[in-house]
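The values are calculated or read from the model by the stated rules, or taken from the named source; none is laboratory data. All values reported here derive from a predicted model rather than from experimental measurement. All Cβ positions, even for glycine, are placed from backbone atoms using ideal geometry, and neighbour counts span all protein chains on display. Note: accessible area is taken over every heavy atom of the protein model, side chains too, but ligands, DNA and RNA are not part of it. Shrake-Rupley method; radii C 1.70, N 1.55, O 1.52, S 1.80 Å.
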Amino acid sequence: MGGRVLLIEDEPNIIEAIRFILSRDGWAVDVHSDGATALEAVAKRNPDLVILDVMLPNKSGYDILADLRADPETEALPVLMLTARGQSKDREMAERIGVSRFMTKPFSNAEVLNSVRELAGQ
């Protein structure tokens, strides 16, 4: 089990929870918290999967997702998007841009772990 996950999230409690859940399952978890430099972090770390928060400082998760999908290098990269706003319009926008999976906060540990495993094909 395991691979490399890049968690793009700015809330310390969420970061620690997800890092703990995934690390315990054998995943290497890198964290990045600034939307403006998120694409550089993806290019530098070359993750197997990205967990992306919608609301980030300096650039939204939607914009980051659109940029990832527009780049041939990352267009097929699995992206699990997290949001505190679980309204259907948020989910629809993420799906229109090309999200792999959409999850609302709060989420269960099992839900995150199962989603990461499925998206990474494990």
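Just one of the numbered conditions (1) open to solvent by 50 Å² or more (accessible area, probe 1.4 Å); (2) in contact (Cβ under 8 Å) with a residue 60 or more places away in the chain; (3) more than 16 Å from residue 2 (Cα to Cα) is not true of residue 82: (1). Picking from residues in the stretch 108-122 that are open to solvent by less than 40 Å² (accessible area, probe 1.4 Å) and either out of contact with any strand residue (DSSP E or B) (no Cβ under 6 Å at 6 or more places or on another chain) or modelled with pLDDT of 95 or more (or both), the one that is nearest to residue 23 (Cα to Cα) is 113. Looking at the stretch 29-46, is at least one residue under 25 Å from residue 13 (Cβ atoms), assigned to a loop (DSSP other than H, G, I, E, B) and of a type in the set (Asp, Glu)? Within the stretch 29-46 (the criterion being under 25 Å from residue 13 (Cβ atoms), assigned to a loop (DSSP other than H, G, I, E, B) and of a type in the set (Asp, Glu)), the answer is yes, since at least one residue qualifies. Tell me, yes or no, whether the stretch 48-57 has at least one residue that is surrounded by fewer than 17 Cβ atoms within 10 Å (Cβ to Cβ), over 13 Å from the mean Cα position of the chain (by Cα) and aliphatic (A, V, I, L, M). No; the residues of the stretch 48-57 include none that is surrounded by fewer than 17 Cβ atoms within 10 Å (Cβ to Cβ), over 13 Å from the mean Cα position of the chain (by Cα) and aliphatic (A, V, I, L, M).
Of 26, 61, all but one fail to be closer than 19 Å to residue 98 by Cβ and touching a Gly at 6+ places or on another chain (Cβ under 8 Å); the exception is 61.
Residues that are outside any helix (DSSP H, G or I), under 16 Å from residue 100 (Cβ atoms) and either of a type in the set (A, V, I, L, M) or open to solvent by less than 60 Å² (accessible area, probe 1.4 Å) (or both): does the stretch 7-23 have at least one? Yes, the conditions are met somewhere in the stretch 7-23. Screening 51, 64 for residues that are touching a residue at least 40 places away in the same chain (Cβ under 8 Å), within 12 Å of residue 8 (Cβ to Cβ) and part of a helix (DSSP H, G or I) leaves exactly one candidate, 64.
Residues of the stretch 99-119 include at least one that is within 12 Å of the chain's Cα centre (by Cα) and small (Gly, Ala, Ser).
Any idea which residue in the stretch 8-39 is nearest to residue 114 (Cα to Cα), counting only those that are among the charged types (D, E, K, R) and touching a residue at least 24 places away in the same chain (Cβ under 8 Å)?
25
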